[in-house]
Amino acid sequence: MAEHHAKTFPAVLANALQQLAEHKLGLSDVRAVAYSQSPGIGHCLHVGFTAARALAARLDVPLIPVNHAVAHIEVVNGLQGAKDPLVVYVSGGNSQLLRKQLVTKPLAPNPSEGPALKTKTARASTVYRHAVLGETMDVGVGNFVDNVGRFLQLEPPDAVGVLKLAPESKQLLDLPYTVKGMNLSFTGLLTALQTYYDEHKARAQKAVAGGANASAVRELKADVANAAQELAFAQVCEAAERALCHTGQKAINLCGGNARNRRLQAMLQSVCDEHGASFYPSPDQYSGDQGAMIAYVGARYFAAGRWPKAAGPQQRLRADQIDVYWP
């Protein structure tokens, strides 16, 4: 994967330069370079960091590290105009409920400063962090659904395959799931689904071979795919509803790679409707990992005049460990 990143970078940079040129801009107009610092696979993060560091040094501009989980959150807030939303962050590697909270209040303005300097001082000295209200205790919901797609041998063998097949089901399997407080857990449900599939697969294959039901195996897979989505997303929605009731927030920001799942969007929309809350799902093009969200947060840091210390790739830095300087 890191090798792919390294091979792809020159073309990505060339495309970025072309887009600058289309807007009558060039490298001399670049004020800072942002890069994805965390979390992620170390070798892949290192490729991006090395390229960004070289570019920043060549241009003699600041190098700004960005946590990509924070970027998922903030790009939706910026695009959708969400104010103090409950964040439902659902990706392949993680699933969390978060809320941005004030950590440090603004410094008292210096009487000798002009209005512009007073505003800048207040903005830069105000620190926020995304506090975790609840999170998965094992795997992310995206990883869970991908695993279901793989053991069902769907095409494609991932969450997309599950999403496509699930609507064919005519029943919801009665399988257990657990929500503890606002925390989530998916491995127990994964085991239950795989056990159900293994126990019923031979019977379905026999029905197909005997001509009793040519679609028995596909129907079984559809039932498992549907249960995977419905029960996993029910966990997410139940935890999100508890968080809304606990905090009194009136909006949900749905972000991360699995935010594009229409069934999850519909279920969270129902939660919002019931509680009079606004719903802000990430646009599809900004749900998966992409450079635009890194650039957006980098620009916000640059405008604030403060950003985390650039220390190279940090594989395990979480969203709740990262300072931001805007509400």
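Quick note: the coordinates plus some simple rules give every number you see, no bench work behind them. This structure is a prediction, so every number in the text was calculated from the model and none was measured. When we count neighbours, we look across all protein chains shown, and the Cβ atoms used for this are built from the backbone with ideal geometry, even at glycine.
Considering only Ala251, Ala299, Ala216, the mean-square fluctuation computed in a Gaussian network model of the chain, springs between alpha carbons under 10 angstrom, is largest for Ala216.
The angle between the Cα long axis of helix 68-80 and the main principal axis of the chain comes to about 80°, on a 0 to 90 degree scale. With respect to the chain, whose longest principal axis is taken over its alpha-carbon atoms, helix 216-247 is tilted by about 40°. Think of it as helices only: each DSSP H run of n ≥ 4 in the chain is worth -39500 (n - 2.57), and spread over all residues that comes to -16500 deg cm²/dmol at 222 nm.
Rounded, prolate or oblate: pick one for segment 168-208, where a ≥ b ≥ c are the square roots of the eigenvalues of its C-alpha gyration tensor, a/c under 1.5 means rounded, and failing that, prolate if a/b is larger than b/c, else oblate. Provide the component values of the computation, followed by the final result.
Working: a/c = 4.25, a/b = 2.31, b/c = 1.84.
Note, shape of segment 168-208 comes out prolate.
Label segment 141-285 by shape, choosing from rounded, prolate and oblate, from the square roots a ≥ b ≥ c of the eigenvalues of the Cα gyration tensor; if a/c is under 1.5 it is rounded, and otherwise prolate applies when a/b is larger than b/c, oblate when it is not. Since a/c reaches 1.5 and a/b is larger than b/c, the shape of segment 141-285 is classed as prolate. Among Val132, Val76, Val12, the residue with the largest mean-square fluctuation in a Gaussian network model of the chain, with springs joining Cα atoms closer than 10 Å, is Val12. Between Val141, Leu97, Leu17, the Cα set farthest toward the positive side of the dipole of the chain (charges on each charged residue's Cβ, about the Cα centre) is that of Leu17.
Going by a ≥ b ≥ c, the root eigenvalues of the Cα gyration tensor, does segment 223-327 fall in the rounded group (a/c under 1.5), the prolate group (a/b larger than b/c) or the oblate group? Could the numbers behind the result be given before it?
Working: a/c = 2.21, a/b = 1.68, b/c = 1.31.
Because a/c hits 1.5 or more and a/b exceeds b/c, segment 223-327 counts as prolate.
Our note on the geometry: Cα centres of segment 201-273 and segment 279-298, 23 Å apart. The Leu102 and Gln205 beta-carbon pair, evaluated with R₀ = 45 Å, returns a calculated FRET efficiency of approximately 0.15. The C-alpha atoms of the chain define a longest principal axis, and helix 262-274 lies at about 80 degrees to it.
So what is the relative contact order for the chain, in percent, with contacts set as C-alpha pairs under 8 Å and at least six apart?
Numbers: 586 pairs, mean separation 88.9, N = 327.
Here the relative contact order equals 27 percent.
Among Val70, Val160, Val297, the largest mean-square fluctuation in a Gaussian network model of the chain, built with springs joining Cα atoms closer than 10 Å, belongs to Val160.
Treating each Cα of the chain as an identical point scatterer and ignoring solvent, apply the Debye formula and state log10 I(q)/I(0) at q = 0.09, 0.14, 0.15 Å⁻¹. Taking Cα atoms of the chain as identical point scatterers yields -0.56, -1.13, -1.23. Considering only alpha-carbon pairs that sit under 8 angstrom and 6 or more positions apart, the relative contact order computed for segment 141-285 is 25 percent.
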